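First comes the structure, then the notes that go with it.
The values are calculated or read from the model by the stated rules, or taken from the named source; none is laboratory data. Not measured: the values here are computed from a predicted model. Every residue, glycine among them, receives a Cβ derived from its backbone with ideal geometry; neighbour counts consider all protein chains shown. Only protein heavy atoms, including side chains, enter the accessible area calculation; ligands, DNA and RNA are left aside. Shrake-Rupley method; radii C 1.70, N 1.55, O 1.52, S 1.80 Å.
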Amino acid sequence: MPPIRRCHACGDHFRPSPDRRHGRIRCRHTANPDVTLPDLQFVCADCRETVVDLTRHWEQRDAIDDTCSFCDSTATDTGRVDLTSLVDDRVVSQGRYHLCRECEQVFETFLEDLHVSVDLPDPWTHTPASNGAVFDREGDLRVETTPLTAEEPRLRFLVEESIVAEAVPVGPPRARAREFVAAFESFYPTDPQSLADDVIEGNPDLRAVRSRGRA
């Protein structure tokens, strides 16, 4: 019987199945000494789909290639990450990728942000994605983040599809997005605009992009 694995992304435990693919992430070495990528970890079938969504356009490189698989730029030093798809612990596909220092950091942040075990209030759902995460409250409120590859990450607070506040975060955008969720559920204001402004003003890790009129 296949061993029970722990998903590096969501933290759930799963047993490899002949009916679904799961993934394996193996970092051979890094170019950026400040980056921590998994030496050997597994991701469950659901989280594998999200990782594939980010990496489907990466270019495989040979052992001596100095071009980044992610951003396609030339680098003096690259790290190497192997991504493998498995069915019932049998390898069905594998890719070798070389990442520059900056893209290693992007991938590290992506894996950190994939972790969805943080408790959210019942009305909220969290959808992680490489093109920007979404926190949604039963259709009327939403917090969005820009993609991890954005030149300047943004975080947006929306009420009924209208942006009422926008900020530039310091650190992982999704970590800052959770602060909007927590603040709203703590105070449940009649004026979401004021709450959003107060969250941005009171947080040293958020910088307002521009002021907006009240909805």
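What residue, among those in the range 67-83 that are among the charged types (D, E, K, R), in contact (Cβ under 8 Å) with a residue 24 or more places away in the chain and under 13 Å from Cys103 (Cα atoms), is most open to solvent (accessible area, probe 1.4 Å)?
Here is the first cut: in the range 67-83, the ones among the charged types (D, E, K, R) are 72, 77, 80, 82.
From what's left, in contact (Cβ under 8 Å) with a residue 24 or more places away in the chain: 77, 80, 82.
Adding the requirement that they be under 13 Å from Cys103 (Cα atoms) leaves 77, 80.
Working: Asp77: 73, Arg80: 49 Å².
Per the stated criteria, the residue is Asp77.
Of the residues Asp62, Asp66, Asp82, which single one is of a type outside the set (S, T, N, Q) and either at pLDDT 85 or above or touching a helix residue (DSSP H, G or I) at 6+ places or on another chain (Cβ under 6 Å) (or both)? Steps first, answer last, please.
Numbers: Asp62 fails: either at pLDDT 85 or above or touching a helix residue (DSSP H, G or I) at 6+ places or on another chain (Cβ under 6 Å) (or both); Asp66 fails: either at pLDDT 85 or above or touching a helix residue (DSSP H, G or I) at 6+ places or on another chain (Cβ under 6 Å) (or both).
Of Asp62, Asp66, Asp82, the one residue that is of a type outside the set (S, T, N, Q) and either at pLDDT 85 or above or touching a helix residue (DSSP H, G or I) at 6+ places or on another chain (Cβ under 6 Å) (or both) is Asp82.
Within the range 98-118, is even one residue at pLDDT 90 or above, assigned to a strand (DSSP E or B) and under 14 Å from Arg24 (Cβ atoms)?
No: zero hits.
Looking at the range 120-133 only, could you name the residues that are open to solvent by less than 40 Å² (accessible area, probe 1.4 Å) and in a strand (DSSP E or B)?
Trp124, His126
Among what's in the range 143-166 and is hydrophobic (A, V, I, L, M, F, W, C) and outside any loop (DSSP other than H, G, I, E, B), pick the residue that is most open to solvent (accessible area, probe 1.4 Å).
Initially, the range 143-166 is screened for residues hydrophobic (A, V, I, L, M, F, W, C), giving 143, 148, 150, 155, 157-159, 163-165.
Those left that are additionally outside any loop (DSSP other than H, G, I, E, B): 143, 155, 157-159, 163-165.
Values: Val143: 0, Leu155: 1, Phe157: 1, Leu158: 9, Val159: 35, Ile163: 57, Val164: 10, Ala165: 6 Å².
This residue is Ile163.
Out of the residues in the range 200-210 meeting the condition of being touching an Asp or Glu at 6+ places or on another chain (Cβ under 7 Å) and touching a residue at least 40 places away in the same chain (Cβ under 8 Å), tell me which one is least open to solvent (accessible area, probe 1.4 Å).
Keep residues of the range 200-210 that are touching an Asp or Glu at 6+ places or on another chain (Cβ under 7 Å), which gives 203, 209-210.
Narrowing the set further to residues that are touching a residue at least 40 places away in the same chain (Cβ under 8 Å) leaves 209-210.
Details: Val209: 47, Arg210: 117 Å².
Ranking the candidates gives Val209 first.
Residue by residue through the range 19-56, note down the ones that are open to solvent by 90 Å² or more (accessible area, probe 1.4 Å) and either farther than 18 Å from Ser69 by Cβ or not assigned by the TED database to the domain that holds Arg101 (or both).
The answer is Asp19, Arg20, Arg21, Pro33, Asp34, Thr36, Asp39, Asp46, Glu49.
Please identify the pairs in which a residue from the range 173-191 that is assigned to a loop (DSSP other than H, G, I, E, B) has its Cβ atom under 8 Å from the Cβ atom of a residue that is open to solvent by 50 Å² or more (accessible area, probe 1.4 Å), counting only partners at least 6 apart or on another chain.
Here the result reads Asp191/Arg214, each pair linking the range 173-191 to a residue that is open to solvent by 50 Å² or more (accessible area, probe 1.4 Å).
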